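Please read the structure below before turning to the comments.
The values are calculated or read from the model by the stated rules, or taken from the named source; none is laboratory data. Here the structure is a predicted model, which means the values were calculated and not measured. Reconstructed Cβ throughout: ideal geometry from the backbone, glycine too, with neighbour counts over all protein chains shown.
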Amino acid sequence: MRKFTIVILTLLVSLSVRGQFLGNMRQAGPPGSGEQNKNEQDKYRKPKPPEYTLKRYFKSLAHKDSVNLSRLWFGSIILPGTAQIYNRDYWKLPVLYGGIGGFVYGGIHYNGLFHETGENSYRLKRNLFYAAAALTYWGGILDGAVSFKHNKEVLPARASIYSAMLPGLGQAYNGDYWKIPIIYGGFIATGYFISSNNQQYRFYKDLHNQATTPGSGYDGRASAETLKYYRDSYRRMRDYSILAGVLVYALNVIDANVFAHLKSFDISDDLSASFNPAFIEPIDKRFTNNINPALGISINFTF
């Protein structure tokens with residue numbers, strides 16, 4: 001036991017001495033060498049891009065700055081028509097605002113008539129006008145993404161926005177038309193399960209309310225606890241079905257973005273290599289005596 005204790009103490013002392021020795025080795029060097037190396041690293045570090053502010057966004061609308069499609073899309077959601085201003089499609093502004101304003105006015109008008117008379121025809125017209133206003137707003141946002149000019153043939157942000165606004169549209173933009181039936185098949189399946197489970201949930205909810213309400217006249221065979229179990233089960237399955245629908249929607253957007261990125265990769269079978277003379281500089285000048293570049297060969301592979 002004594003020998004074992006001595007061995008442990010010896011190991012601990014050796015480790016502490018080794019750590020102190022390494023620490024001293026790291027600190028060794030002429031004065032200012034650490035600062036010089038830091039300056040060398042900062043010289044090759046990429047400058048941090050400036051933050052994109054609201055002021056820059058309005059400068060972009062005045063065509064004094066640039067803006068990417070994602071920011072332009074979010075901006076057009078908050079301020080409809082700003083994408084058309086950036087894209088220089090000024091003639092679309094009266095169409096956009098006139099359409100939204102006209103349809104909203106029609107909806108308000110028929111809503112007043114519906115409350116005065118109670119006729120369902122006025123309610124239908126009110127709903128149609130409000131739906132047309134929402135569709136005009138949606139179309140203005142989508143038009144801003146469609147008309148955005150970029151040097152890339154396939155823009156991942158555009159594909160994501162397309163699929164976010166109309167599922168499957170991003171896949172059509174990427175040329176993956178075969179995925180569209182799969183996406184809508186997922187929506188149809190989840191919609192069916194949401195509707196079916198919700199109907200069963202409401203059915204057992206009503207029965208449970210009758211079974212737990214004194215004097216309701218409930219004479220069913222199932223007990224209140226059994227009805228509560230089925231009610232909670234169908235509610236849980238309905239919620240899971242909703243989450244599945246959200247997952248299908250999210251995968252639709254992610255798929256459009258990922259495969260739009262892959263469009264820019266060269267996946268051909270062409271493999272090639274090129275050899276060129278080059279000057280090779282030390283990676284870290286702290287660990288070399290010769291800081292001058294050396295003559296070497298640069299090899300580039302294309303695959």
(message) I need a count of the residues in the range 122-169 that are at pLDDT 95 or above and of a type in the set (S, T, N, Q).
(response) 4
(message) If I filter the range 148-163 for residues that are buried (at least 17 other Cβ atoms within 10 Å of the Cβ), of a type in the set (A, V, I, L, M, F, W, C) and in contact with a Ser or Thr (Cβ under 9 Å, 6 or more places away or on another chain), do I get at least one hit?
(response) yes
(message) Suppose the filter is surrounded by fewer than 16 Cβ atoms within 10 Å (Cβ to Cβ) and part of a helix (DSSP H, G or I); does Tyr137 pass it?
(response) no
(request) Determine, yes or no, whether Ala172 is closer than 30 Å to Ile85 by Cα and either modelled with pLDDT of 95 or more or over 35 Å from the mean Cα position of the chain (by Cα) (or both). (result) yes
